[in-house]
Amino acid sequence: MNLLHLDSVDAGYGDFQALFGVGLTVAEGELLALVGANGAGKTTLLRTIAGELSPFRGSVCFAGGDVTALPDVRRARLGIGLVPEGRRLFGSLTVEENLQVGAATGRSGPWNLATIYDLMPLVADRRDRKAAHLSGGEQQAVAIARALMGNPRLLLLDEVSLGLAPVVVDRLYASLPDIRANGMTVVLVEQDLTRTFEVADRIACVLEGRIVLTGAAGELTRDQVTAAYFGTSEVVS
Amino acid sequence: MNWVNALVQGILLGGIFAMAASGLSLMFGVMRIANLAHGDLMILGGYVAAACATYFGVPVWLTAVVSTVALGALGFAVQRLLLDRAMRVGEFTPLMVTFGLSVIIPNALTQMFSNDAVPLGIGALGTASIDLAPGLAIGWFPLLTLVASVFVLTGLHLFLYRTQYGRITRATSDDSRTVRLIGVDNRRVYALTTVIALGTVALAGTLYTMRQGGVTPFEGQLTVLFAFETVIIGGLGSLWGTLAGGVALGIAQSVGAQLSPDLPLLAGHVVFLLVLVFRPQGLFGKGVTA
């Protein structure tokens with residue numbers, strides 16, 4: 001069953017158009033990775049799905065309903081959870097308070113303080129710290145944990161690894177299987193192709209605001225994805 | 001003993017300033033709105049109470065409740081109809097709106113009630129006092145107002161730091177766009193904030209009116225200054241700072257009055273200026289906040 005379906009979405013900021021006729025389908029329980037160069041429109045795409053940005057044209061359907069006209073608040077309550085670029089934690093609140101606020105979606109599900117602390121001992125360890133005083137990796141872990149606290153059906157992860165040491169990123173990615181164990185659907189943006197191929201069920205390549213290639217991770221080659229990434233004309237094999 | 005007395009009276013006076021300022025601090029903290037009409041809303045709260053007692057025979061103690069509820073409701077309307085829209089227009093638009101309110105309120109009050117004071121007497125309670133020593137007495141009513149403001153500030157603190165909605169309010173203050181991503185409508189938080197701010201300032205205005213024995217339309221121009229000075233002296237974002245700021249301002253005014261009857265206001269302003277010069281973040285401020 002499809003959880004998310006975008007149909008010919010045009011979106012952007014003011015006069016600047018960042019997405020052109022984007023169509024995308026994500027099945028329930030699937031992990032889709034978005035790949036593309038900086039400025040290709042991946043973040044814009046996630047923001048459009050989360051409702052932070054409303055599209056100029058086209059439609060966004062989630063869990064069988066048209067949510068195009070719904071604001072981000074309503075979409076969050078329906079179960080779309082975005083871990084935004086730059087983490088955007090509540091700096092003056094403690095880690096635990098950040099997580100508690102994350103539960104404001106009012107959704108029930110497997111995630112609560114206990115299960116999150118179980119999944120991420122690092123976060124548990126820092127629960128009384130102010131979020132502003134955490135390292136980048138800790139902040140990213142808390143940002144993911146905060147989104148999980150809302151028990152989303154669809155988790156959108158925007159450049160989780162941005163600015164983090166590889167070993168820290170490894171630790172974050174290590175929690176992905178547990179996050180998906182309950183059937184959570186995930187769409188993530190990742191720059192590292194090796195990592196992308198390791199975790200993704202399907203891969204979609206974004207180039208200059210258009211989706212130029214999609215396919216099951218097992219059926220795409222690195223060369224195909226690289227070609228789509230840079231927009232070089234044809235696939236080298 | 002005169003000086004000790006001045007000190008004690010100042011502390012008691014500070015309670016009202018602190019209660020009046022807490023809402024100003026809250027609105028600024030959550031929405032970055034400097035509410036220039038805060039003093040006039042305080043006076044409006046006093047008017048609601050005084051008018052209830054004078055024209056409708058409402059028992060005096062109940063007028064405080066009526067006034068708090070009425071201005072809380074007004075706060076909801078003001079936020080939804082004026083400030084939410086103003087915030088969408090631009091950063092300085094809400095400031096202009098509150099300035100407009102600060103012009104409208106006293107003039108409307110003058111139209112309705114004239115410039116003469118509307119009385120709000122509290123009978124024997126107004127003069128009852130506890131003698132602590134020769135020349136040193138604490139009035140029951142000033143003591144009551146201090147206790148009430150400690151209650152209000154403690155209540156606010158518990159709300160902000162011990163409840164989920166309080167946490168959400170602080171999160172909204174940190175980042176109003178990100179709370180939306182976790183299902184929180186920031187405008188509802190704003191509405192609640194303004195309801196609390198206007199409810200508390202109405203209570204402060206009612207107690208102020210009771211203390212003065214009545215209220216006139218343009219006193220808000222002075223009380224808004226006191227509220228701003230209290231917040232700045234205490235330090236933004238700290239409720240205990242607000243209490244300390246109110247007490248500091250109260251003591252300054254009361255000691256100033258002891259020096260000379262025409263000094264209290266000046267003394268308050270001087271303390272405010274000194275704090276601005278030597279400790280701009282305020283007594284309890286945490287330096288530059290993000």
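Just so you know, all these numbers are worked out from the coordinates, no wet-lab data involved. Here the structure is a predicted model, which means the values were calculated and not measured. As a convention, Cβ positions derive from the backbone with ideal geometry for all residues, glycine included, and neighbour counts pool all protein chains shown.
Within the stretch A:94-117, the set of residues being among the charged types (D, E, K, R) and over 18 Å from A:L155 (Cβ atoms) comprises A:E96, A:E97. Within the stretch A:21-51, being surrounded by fewer than 17 Cβ atoms within 10 Å (Cβ to Cβ) and either in a helix (DSSP H, G or I) or in contact (Cβ under 8 Å) with a residue 40 or more places away in the chain (or both) holds for A:G21, A:G23, A:A27, A:E28, A:G29, A:A37. Contact annotation: residue pairs with Cβ atoms under 7 Å, 6 or more positions apart or on different chains, pairing a residue in the stretch A:118-144 that is away from chain B (no Cβ under 14 Å) with a partner that is surrounded by fewer than 16 Cβ atoms within 10 Å (Cβ to Cβ) and assigned to a helix (DSSP H, G or I), are A:L119/A:D178.
Residue count for the stretch B:46-61 under the criterion of being crowded, with 20+ Cβ neighbours inside 10 Å and touching a strand residue (DSSP E or B) at 6+ places or on another chain (Cβ under 9 Å): the result is 6.
Restricting attention to the stretch A:75-125, the residues being assigned to a loop (DSSP other than H, G, I, E, B) and under 22 Å from A:N182 (Cβ atoms) number 9. Residues in the stretch B:124-146 that are part of a helix (DSSP H, G or I), among the hydrophobic types (A, V, I, L, M, F, W, C) and surrounded by 11 or more Cβ atoms within 10 Å (Cβ to Cβ): B:L125, B:W140, B:F141, B:L143, B:L144, B:L146.
Each row is one residue, and each column tells you yes or no for (1) more than 14 Å from chain A (Cβ to nearest Cβ); (2) among the polar types (S, T, N, Q).
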site: B:P142; (1), (2): yes, no
site: B:V147; (1), (2): yes, no
site: B:R162; (1), (2): no, no
site: B:T178; (1), (2): no, yes
site: B:G183; (1), (2): no, no
site: B:T193; (1), (2): yes, yes
site: B:V201; (1), (2): yes, no
site: B:G205; (1), (2): yes, no
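A single entry from B:F226, B:F218, B:F151 fulfils the requirement of being assigned to a helix (DSSP H, G or I), crowded, with 19+ Cβ neighbours inside 10 Å and either more than 14 Å from chain A (Cβ to nearest Cβ) or touching a His at 6+ places or on another chain (Cβ under 8 Å) (or both): B:F226. Checking the condition without any contact (Cβ under 8 Å) to a residue 40 or more places away in the chain and either under 25 Å from B:S114 (Cα atoms) or among the aliphatic types (A, V, I, L, M) (or both), which residue from B:L62, B:L74, B:L36, B:L26 passes? Only one candidate passes the filter, namely B:L62.
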